[in-house]
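Below: the structure, in C-alpha cells.
Each reported figure results from applying straightforward, stated rules to the coordinates on display, with no laboratory input. Just so it is clear, the structure is predicted and the values come from calculations on it, not from any experiment. Cβ atoms come from the backbone with ideal geometry, glycine included; neighbour counts cover every protein chain shown.
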Amino acid sequence: MSEARGEGRDQSGNLSFVVGCVDEDHRGSEEGGRIKNEGEMGKGEEEDDDKDDDSPPERQIVVGICSMMKKSKSKPMTEIMERLCKFEYITVVIFPEEVILSQPVDKWPLCDCLVSFHSKGFPLDKAVEYAKLRNPLLINDLNMQYYIQDRREVYRILQEEGIDLPRYAVLTRDPDRPEVCNLVEGEDHVEVNGEVFPKPFVEKPVSAEDHNVYVYYPTSAGGGSQRLFRKIGSRSSVYSPESCVRKTGSYIYEEFMPTDGTDVKVYTVGPDYAHAEARKSPALDGKVERDSEGKEIRYPVMLSAMEKLVARKVCLAFKQTVCGFDLLRANGHSFVCDVNGFSFVKNSMKYYDDCAKVLGNMVMRELAPQFHIPWSIPLEAEDIPIVPTTSGTMMELRCVIAIIRHGDRTPKQKMKMEVRHPLFFALFEKYGGYKSGKLKLKKPKQLQEVLDIARLLLAELGQHTDCEIEEKKGKLEQLKTVLEMYGHFSGINRKVQLTYLPNGQPKASSEEEECPTEGPSLLLVLKWGGELTPAGRVQAEELGRAFRCMYPGGQGDYAGFPGCGLLRLHSTYRHDLKIYASDEGRVQMTAAAFAKGLLALEGELTPILVQMVKSANMNGMLDSDSESLTDCQQRVKVRLHEIMQKDQDFTEADYQKLAPTGSPSLVTSMKTIGNPVRTCDQVYALIQRLTSQIRRRLEDPKSADLQLYHSETLELMLQRWSKLERDFRNKSGRYDISKIPDIYDCVKYDTQHNATLDLEDTLELFRLSRALADIVIPQEYGINKAEKMDIAQAYCLPLMKKIQLDLQRTHEDEAVNKLHPLYSRGVMSPGRHVRTRLYFTSESHVHSLLSIFRYGGLLDEVKDQQWKQAMDYLSAVSELNYMTQIVIMLYEDNNKDPGSEERFHVELHFSPGVKGCEDEENVPLGFGFRPASAENQEKQTNQGSLEDLSQDETDRALSLSEPISIKRSPMIRNRKTGSMEVLSETLPTSSKGTSYRLFPSCSCQSPEIKQTGLGFEGCSMVPSIYPLETLHNSLSLKQVDKFLNAVCEHSSDAHAKTMKALSALFDTSSQGYSQTHIYPHPPKALSSSETPVRSPECPLWYSSGPSSTVFSGRSSSPTSVNPDKNVSFSE
C-alpha cells in the first residue's frame, strides 16, 4: 500500500511523482508511475476495475528522494523532478520526513535508484543502512558524505587528486589536552605547526556544518576581521574590530586569495556537465545583492578548460554525481576552497532541463537493461554536430566564423578643434602622446583633466577678452558642455583624441576664415553619442538566440526553445567558443548581449560584459582609427567631394566616375538625386525646417519637458540637429559632403525612435539623405575595384589572417580541450568539437571584408553561376545596416579521403542586418539559407509540414560533386511587431525549388523576452533582422585558403603593416602553426566503433586554453611571428 501526496504532474495532468511508500508487490504496477493515495482506496479500486481489460503496464523504474523535506520540496528539486517524470519509464517517490526520522529502514519506501544527501538533522547512518539493505543505484555516494562534513578530509582528498587549493594548515585542539596547541600569534600573522600565515588570512572551523568563517585583516589596512555566517536576510557577514584569532575549537588556517570580490560556484551533474555562477564575495561587505524578486544575484560564467577538468575530478573523487563546490579565481589560477556535496542551481530553466536530462539518461542507461525495458540512449542530433547533404551523405560541422556589426545606437557626434595652449601639450606629454603622435583619452580621470582645462580657459576668456588664448570660445563651450553631460564620466559615452600636428592644421576648407598660425598644434577630436540603445541590445540578444539554430540538433522540445543542440554542445564542453570585440563600448555591449542570447545566459548585460569582454584594442584587427586615413582613402574622398559639388544633373561621365562597378544600388541612388547640389539644398532646407519645429516645441509648455527615446530631451535633440545645420553648409555656401552620413544617421534614428513627435517632412529628409548616404558611405571605401581592395586590405589584413588561421586550426589543432572518450559516458560523441569564433566590429570592417570577398578574385562570375547570382544580390544591397553578418561555415565530410580537396567544405553566408524604416519592399532578396541543388530536388518526396522541416531537416549542405542550380525560395517575409522577422515558406506542389530557413523557430517569442505593445522590454519598435542568405555553398577549404593567401600577400606594404600589427597583438612563443603546412594529414575520421588513442606524452586531459571565453584583444594568446610570409600564432 502507499501513502501519497502528489508533487508533480505528467503531460496528461496525471500525478507523476509522489510522497509515499511503495510495497514490494505494488512497485511499478501502477500505470504511468501513479501510486494510489491510501485515503482514496475506494476510488482507486474502482479505477482498477475499469482498467482490468488494459494490457499489463511496462515496468517502472522508481527513483526515491530521501532527504529532509525542506530540501525535497525546494523549487529546484521540484522543477528537476517534474522534468525527470517526462521520461516514460521513470516514477519519482519522495520519502516523507516523518518516515525517514521515525521509521526503521525496512519500512522505508522501495526504490531502484536513490537520491539521498545529508543536511542539518538528516540521519545519514540510516540512509547508509537502507542502501546496504536495498542496494539501489546511488546518484550520490553516501559514505563519502561523512568526509564532506569535515573540511580536513575535503582538503586531504583535494590534495590527493592534485587539485589546487590555497596554502593551509590544520590546528587540531584536543579538549583533554588544551595546553598542547601549535599556534603562535603575532600582531600581523599566525604560525600554525611551523607554517606562517601573514594577514590577511582565513580561519575556518574544521566542521563543514559550521559556517562561521573569519577573515583577519592586517593593521596596515585597519586591522579587525570580517565574520562570515549563513545568510540571514540580506547579510552574510559583519565587520568586527577584533583582531585576535579564536582560542577554542579546531580550525583550518589558509592564505586569503585576492579574487576581485567575486566567488565562483560550480555545479556538476556527472563528470561531463558543469554550470558555473559568480556572485559577490560574502567577505566583500557582507551585503547580499538581491534582485527585484529578493533572490541573490548570481551571474553565469564560463569555465576554462582547466576548471572543467577540476569539476570532473571533484565529481569523481567525492563520488557525488550532483555536486557543488566553490572556486576562487586569483592570480591567473583557480583554487577550490570548499566542496558542498549535493547542490542544485537556483532559478535557471536551462540548468533544470539539462540536469533532468543527464540524470534521466544515467538512470535509464544503468537500470533499463536489468528490467528489460526497451530503451537505449537516444542518439539525438543535438549530440552530434552532423548534417545531411542533399546527396544523402553526412557532413560534420567543424567551425563557424561570424563577423558582425554592432546593434542600433544613438547618433554618433563629433567636434574637431585645433588647440595650442601649453596645458593641452602638457596633457599630451603626460599620457605618452609623443611616442606615436596620437593619444586617446577615455578614462574618467583623463576626461576630467580635459574638462578642467576647458573650464580654466573659458574663465580666462571671460576675464581678458584680448588674451592670447587661441582656442575658439564656441568650441570650448561645446567641449565643456559635452564633457559635463550625464553628470558623470563613462568611457563608453565620450572620448577625446589628440593628434600632434608639427606645422599646425592646413586650412583646406573655406570655412576656416582665419590665417593659420605657425608652429606645432594639436588636433582635438571630441566624440560622443554612439551608445548601444535598448533596441540594439534586443537585436543582438535575439540574433544570438537565433544563431543557435545554425548548429545541428536541438530542435526537439525537451528544452522548450530552439537551438538547444548548441547549448548541450557547450555545457558538455564540446564547443570551443571565443568572442572578440573592438574597444568601442557599443561593440562590446553588442557582443555581451549576443553572448547572452547565444548561450541562454540570464541577468543583466553589465556583468556578462565584465566577465567576458574586456575593453582593449585589437591592434587593427577589429578597431580602425578613422582619423588616420590611408593615402588612397584621402584621394577617394577628394574625388567624391568634387563629383558631389557639381551644380548640374549627373552626366553619363559622372556615372562612369562614381559607379564604375555599375552597382544597381548606386545607380538607383544617383537617379534619385539627379543634381547633387540641388539635393543638398533641399536637405539643408529640410534640416532648417526641422530645427525650427523643434524650437517651437521647446517654447510650447506642453511639450518642453517631453522625454524622447533613450532619455534624450528636446533640448539635446535640438543641439544635435543645430550642429548639423551649422556644419553641413559653410559660409561660402559649399556643402561638406562628409556630414551626409551623420545627417542620415540622425534622421534614421529619429524616424525609428522618435516618430511620436510627428515632425513634418522627416520622411522626405530620410529619403533624400538616404540616397546621398547610399553613394557617399560605400564609395568612401573605394570607387573602383582597385581602390576598394586597397582600402579594404588596409582595414582588414589582420582579421583576414585570423580567419585563415581559424579555418586551418579546426582540422590541424587536435590539442584543443576535447572530452576524453574514456571519460565520457553519457555523451554520445565526446570527440566531436565545434569551434566558434565571433568578431564584433564596426561598419568600416564589414564594408572592407565584403569588398575583399567581392573583388578579391575568390571565384569567377563568368564560370560560376551561383557566384554571379550572389554578386548581383550584393550589388543590389544599398546599406550594411546594424547587425550585418558575414558568416563562414566549415564542414568535414568523413567519407572523403583525408587528403582529398573535397574533405573540407566551406559555405559563405551574408545578411544586410536590420531592416530599414522605409522602402522595405525594394530590398533585394537572396536565395535562402543553404539552398538545395536541383538534381536532388527530385529525390525529395513530400516535405511535410513546416514544423517537420524545422525539426528534421534544418541543415542541408550541397554535395561537392554536383552542379549548382539555385531557384529563388518562395519566401514570404511577414512582419511581427516588435519581434524578429517571421519567415514562412510556401511549398506549392508545382514548385520543386526548396530552401531552408536558418532560424526555423526564431520568430517564436522567447521565454526570456517579454513582449509588450511597444516591442521588447518597453523599447520602441525593434526592427527585424534580415535572414542569412547563402552566397556560396560549395567552396573547398583549399580554394578559400589559396584566396586568403593571395589577398593577404597582395601588397608588400600592407603585409608589413600586418606583421607589425600581429607582432603587437600576440606575444612570441615557440608554438605555432606554419601556413606552409596547411594540409599535412587531416585526422582520419573515427568510426563509431573506434576509440581515439591519445599520444603517450599527452595527459588524459590536455588542453590549449579555455574552451569558451569572450576575448577582447589584449588577452589574446602567444604567437610566433616568422620573418617570412608565413605567419603563425596560437590563441
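Here the calculated FRET efficiency for GLN103 and ASP326, from their Cβ-Cβ distance with R0 = 30 Å, stands at 0.25, rounded to the nearest 0.05.
Relative to the current alpha-carbon distance between ALA755 and ARG152, full extension at 0.36 nm per residue lengthens the span by 210.5 nm. Lysine pairs in the stretch 70-152 whose alpha-carbon atoms fall under 27 angstrom of each other, counting only those eight or more residues apart or on distinct chains, come to 22. In this label model, LYS443 and THR172 are separated by 5.1 nm, measuring between points 7 Å along each Cα→Cβ vector. Please name whichever of ASN140, GLY194, ALA169 sits farthest to the positive end of the charge dipole of the stretch 96-202, dipole taken about the Cα centre and charges placed at Cβ: Lys and Arg +1, Asp and Glu -1. So the residue furthest toward the plus end is ASN140.
Using the Cβ-Cβ distance between ASP164 and TYR500 with R0 = 56 Å, the FRET efficiency computed as 1/(1 + (r/R0)^6) comes to roughly 0.70.
Using the Cβ-Cβ distance between LYS435 and ALA653 with R0 set to 45 Å, the FRET efficiency from 1/(1 + (r/R0)^6) comes to roughly 0.45. Approximating the spin labels as points 7 Å out from Cα along Cα→Cβ, the THR668-to-SER240 distance works out to 7.5 nm.
Checking the Cα-Cα distances for LYS416/LYS578; LYS438/LYS475; LYS346/LYS915; LYS702/LYS739; LYS199/LYS596 against a 28 Å cut-off, the pairs over it are LYS416/LYS578; LYS346/LYS915; LYS702/LYS739; LYS199/LYS596.
When the Cα positions of LEU799, ALA755, TYR781 are compared along the charge dipole of the stretch 749-800, LEU799 comes out farthest toward the positive end, with charges on each C-beta of Lys, Arg, Asp and Glu.
Each of LYS132 and ASN193 was given a label point 7 Å from its Cα along the Cα-to-Cβ line. The distance between the two points is 3.1 nm. Judged by the mean number of other Cβ atoms found within 10 Å, the most tightly packed of the peptides 681-691, 190-200, 229-239, 538-548 leads the ranking 538-548, 681-691, 190-200, 229-239. In the stretch 196-261, the convex hull through the Cα atoms has an average projected area of 5.2 nm², a quarter of its surface area.
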